[in-house]
Amino acid sequence: MKMILRWFPYGDDSVTLSQIRQIPGVTGVAACLPKIPVGETWPVEELRALTQTVRRAGLEMEVIESVNIHEDIKKGLPTRDRYIQNYIDTLGNLHAVGVKCLCYNFMPVMDWARSDLAAPLPDGSAAMSYRHEVVEQMHPESIGRAMAGKARGYSLPGWEPERLSAMAEDISFYQNFTQEQYWANMKYFLDAVIPAAEKADVRMAIHPDDPPWPLFGLPKVITDAERIRTFLRLNDSPYNGLTFCTGSLGARRDNDLPAMIREFAGRGRIHFAHLRNIRFSGERDFDECAHPSACGNLDMYEIIRALQASEFDGYIRPDHGRMIWGEIARPGYGLYDRALGATYLLGLWEAVEKTVSRG
Ligand code: CS2
Ligand code: MN
């Protein structure tokens, strides 16, 4: 297992590589090239420069989060083949710089959604929160604009301005789309890309839908155990795997996270784990909270135990943290609370490991 942190290059992050290097036990980052338009090939020269920057700081860059998928691929338009070829070329370039794992998502139109990026918590910190009715009543474009307004000037991955402008049209495109059509487009993508991932030795790790239930009439895919089984069956290669995001999948109370980990990691299909905790405040409402089990509704001890029992050997990162101690940072991605989270998770990991090995 390797503990890493997400990091954004080119000054689009308040957190520096040297700060990350000083978090005990964190050995690398999940990075990205945020300026490449979605659908285009990631140039190998830029990837080389990025890897060198990360390595000079004493860290590894074995994980990329994310190479986003062009909407034409999700829609199944005839233009998709060109974008799929670019994706395949990107995989080759990732291999050339030593990347081992690629986190991506197949969510239509938008990535994650929240009703508030800085909701106050009782301890005086702030965290992202989700209130289903508030989100459903808003127009997606205005959610995007409201979120961007609270992003402290940093980019919001998955809510790029070009996506916002196409949002209304894209949402109406999917209104008469069946779930089967969406699976078929996904399979088309996987069958083309997974052989290239095998050749490049880059494990593909799809991120669950966040939140994991229908929103704005859009198809949803990675939401629960049954759908994940369907997804894994679309292409049986071990390179067709998962990013197991506890905060995303855990928002559905009927998802038994440790059982899902035992099933999917047991079959070698979890390559990356995003570990964060949430606190429920309604059936479809939750606040993000600090990582320890005691702070939220997810049992992090059982989650770590399930990962170890399944001989998970991938990457873990503490997912979103709260904004604490007056820090000003990209929502969810400050230094302090994620550093606390990494330390807590590493402590749990060590405790479980030693308890099991010593019987
Ligand atoms: C991230 C996602 O913020 C998050 O939870 O995990 O935005 C994630 O990076 C993408 O969905 C992966 O493509
Ligand atoms: Mn996540």
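Computed from the coordinates by the stated procedures, all read-outs in this text should not be read as laboratory data. All of these numbers come straight from a predicted model, not from anything done at the bench. Glycine gets a Cβ as well: all are built from the backbone with ideal geometry, and neighbour counts include every protein chain shown.
Kirkwood Rh over Cα pairs of the stretch 266-359 into Stokes-Einstein at 10 °C, 1.306 mPa s: D in µm²/s?
Estimated via Stokes-Einstein, D reaches 112 µm²/s.
Stretch residue 79-residue 49 to full length: gain in nm at 0.36 nm per residue minus the Cα-Cα span?
7.7 nm
With θ set to phi - 60° and the Karplus curve 6.51 cos²θ - 1.76 cosθ + 1.60, what are the ³J(HN,Hα) couplings of the stretch 269-280 in order, to the nearest whole Hz, using x for Gly and Pro?
Values per residue, Gly and Pro as x: 10, 9, 9, 8, 10, 9, 10, 8, 10, 9, 10, 6 Hz.
Of the DSSP beta bridges with both residues in the stretch 2-357, give the percent that are antiparallel, rounding to the nearest 5.
About 30 percent, rounded to the nearest 5.
Please give the calculated 222 nm ellipticity per residue for the chain, where each DSSP H segment of at least 4 residues contributes -39500 (n - 2.57) and the sum is spread over every residue; nearest 500 deg cm²/dmol?
Result for the chain, helices only: -12500 deg cm²/dmol.
Counting only chymotrypsin sites (Phe, Trp or Tyr not before Pro) that are in a DSSP loop and have at most 14 other C-beta atoms within 10 Å, tell me the longest site-free stretch of the chain.
11-324
Provide, for q = 0.26 Å⁻¹, the log10 of I(q)/I(0) from a solvent-free Debye sum over equal Cα point scatterers in the stretch 11-63.
-1.11
Suppose each label sits 7 Å from its Cα in the direction of the beta carbon; what would the residue 313-residue 180 distance come out to in nanometres?
4.1
Picking from 276, 152, 252, which is most flexible by a Gaussian network model of the chain using Cα springs under 10 Å?
Checking each option, the largest mean-square fluctuation is seen for 152.
Between residue 12 and residue 145, how many nm apart are label points set 7 Å from Cα along the C-beta direction?
Placing both labels 7 Å along Cα→Cβ, they lie 2.2 nm apart.
Under 4 °C and 1.567 mPa s, how fast does the chain diffuse according to Stokes-Einstein, given a Kirkwood radius computed over C-alpha pairs? Answer in µm²/s, whole number. Please report the intermediate quantities before stating the final value.
Values: Rh = 20.5 Å.
Roughly 63 µm²/s, to the nearest whole number.
Using 0.36 nm per residue, how much length does the chain from residue 351 to residue 297 gain when fully extended, once their Cα-Cα distance is taken away?
17.4 nm
Between residue 325 and residue 138, 0.36 nm times their residue separation minus their Cα-Cα distance comes to what?
Value of the extension gain: 64.2 nm.
May I ask for log10 I(q)/I(0) of the stretch 56-135 at q = 0.13, 0.15 Å⁻¹, from a Debye sum over the Cα atoms as equal point scatterers with solvent left out?
-0.67, -0.79
Please tell me which of these pairs span more than 23 angstrom C-alpha to C-alpha: 2/187; 2/35; 75/187; 74/220; 2/100; 187/220?
Check vs 23 Å cut-off fails for 2/187; 2/35.
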